[in-house]
Amino acid sequence: MTNQQNVVVLDVLSRGVRNVLPPSSLPVAKSFSPQDLKVVLMKKFETEKGVAKINAWLDSMRASSPTRIRSTGTASVPETENRSSWIVHHPSALSMFEQIVAASRGKQIVMFLDYDGTLSPIVEDPDRAFMPKEMRATVRDVARHFPTAIVTGRCRDKVYSFVKLAGLYYAGSHGMDIKGPSKSYKYKKGNQGVLFQAASEFLPMIDEVYRALVEKTKSIPGTKVENNKFCVSVHFRCVDEKSWVVLAEQVRLVLNDYPKLKLTEGRKVLEIRPTIKWDKGRALEFLLEALGFANSNDVLPVYIGDDRSDEDAFKILRQRNQGFGILVSKSPKETNASYSLQEPSEVKEFLRRLVDWKKLSHGVAKCA
């Protein structure tokens, strides 16, 4: 008997077999060898690891789904102070508009826009996250004056069906599926019709996981599983919080069979994607390079987003010490963004002001 086996046996003797083994594994007339006990203990360890993982996921799910503040007329004093302190470090992009455009003097502004929660309101049914007509008109005008990209966790084809604007770049599946405008624009320095797919070899695996998750979660009311081509989204916005544990367990069971995939969390969504080093931040860098602005000092990237996945892009902008991240959020959050906006209506106002400023500055330049 090895020392390791001695430890196992002593541990069982000191704690009692019933504290280690489940009741169903205690037949009366069977003796356990040290090796048997070791196997059972390893299974128990794996179970505990699974529970710990699920608990971590639940914490993230709750953190990404803050309880809405009931409209009592006034906010609590601590809450007001918290927001006031946060806004000092992440001031409104509307109130700081003049400073933002001043920083663009002599530089080309490039716009990067998330979709859900930024250009469209967050809705219960992700298939009905339509962009308002006024927002579409505003984004169309923005794209006429600045290189503009939609960077989203959605499938590229799906978000295009929502936006329906041909003059934009579309980076779907968290930037793993990128395509540029089919026609040339005066601001475009790089190749036309950019098409880049960072994880094509994962497509069969993603399809398998999608089908497995649909089957595993069909008994959990409110669950919506979405195939975003290079990633799978499990929406739980309409799932009762009491069922979150069951949902997380089903997702874990599926993921256990796919070590090349990882799980991340967004706003009431669990997202399964390849474990490659690619995200919205990498997509931003790729698009800047495709536009001819690699290692350039005459560009000002502006990224607007509301989700955790957008933090990868905010972080890149900070690392480059170039451009600005703008977080869309009504409540204080840890973020690498420089500025904030509260909701899509403020995003539209900011974009409209940017277009008006560009038109005015262009008119002044012509007169000069």
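Structure summary
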read-out	value
Per-residue SASA entry for residue 335, accessible area with 1.4 Å probe, Å² rounded to 10	30
Accessible surface of residue 240 - all protein chains present, 1.4 Å probe, nearest 10 Å²	90
Loop-resident sites, the range 81-161, for trypsin sites (Lys or Arg not before Pro), counting at most 10 other Cβ within 10 Å (DSSP)	105
Residue 131 accessible area, assembled protein chains, probe 1.4 Å, Å²	10
Residue 84-residue 200 FRET efficiency (beta carbon distance; Förster radius 51 Å; 0.05 resolution)	0.60
Residue-normalised accessible area of the range 210-267, expressed per residue, 1.4 Å probe, Å²	49
Estimated FRET transfer efficiency (residue 253, residue 318; beta-carbon r; R0 30 Å; 0.05)	0.20
Distance from the range 283-315 to the range 214-246 (C-alpha centre basis), Å	31
Residue 219 paired with residue 105, simple spin-label distance in nm, labels 7 Å along Cα-to-beta-carbon	6.6
Accessible surface of the range 85-218 [probe 1.4 Å, protein heavy atoms]: carbon and sulfur percent	51
Sparse-neighbour loop sites [GluC sites (Glu not before Pro); the range 305-347; at most 11 other C-beta within 10 Å; DSSP]	334
Fully extended contour minus Cα-Cα distance, from residue 124 to residue 275, at 0.36 nm per residue	51.5 nm
Net charge over other residues, Cβ less than 14 angstrom from the Cβ of residue 246 (K, R count +1; D, E count -1)	+1
Reduced Cα scattering model of the range 151-292, Debye log10 I(q)/I(0), q = 0.17, 0.21 Å⁻¹	-0.91, -1.22
Filtered trypsin sites (Lys or Arg not before Pro), the range 250-290: DSSP coil and at most 11 other beta carbons within 10 Å	260, 277
Under Karplus coefficients 6.51, -1.76 and 1.60, residue-wise ³J(HN,Hα) of the range 331-336 in Hz, glycine/proline x	10, x, 9, 5, 7, 9
Fraction of accessible area attributable to carbon and sulfur, the range 243-368 (%, probe 1.4 Å)	46
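The values are calculated or read from the model by the stated rules, or taken from the named source; none is laboratory data. This is a predicted model, so every value here is computed, not measured. Note that each Cβ is placed from the backbone with ideal geometry, even for glycine, and that neighbours are counted across all protein chains shown. Heavy atoms of the whole protein, side chains included, go into the accessibility calculation; ligands, DNA and RNA do not. Shrake-Rupley method; radii C 1.70, N 1.55, O 1.52, S 1.80 Å.
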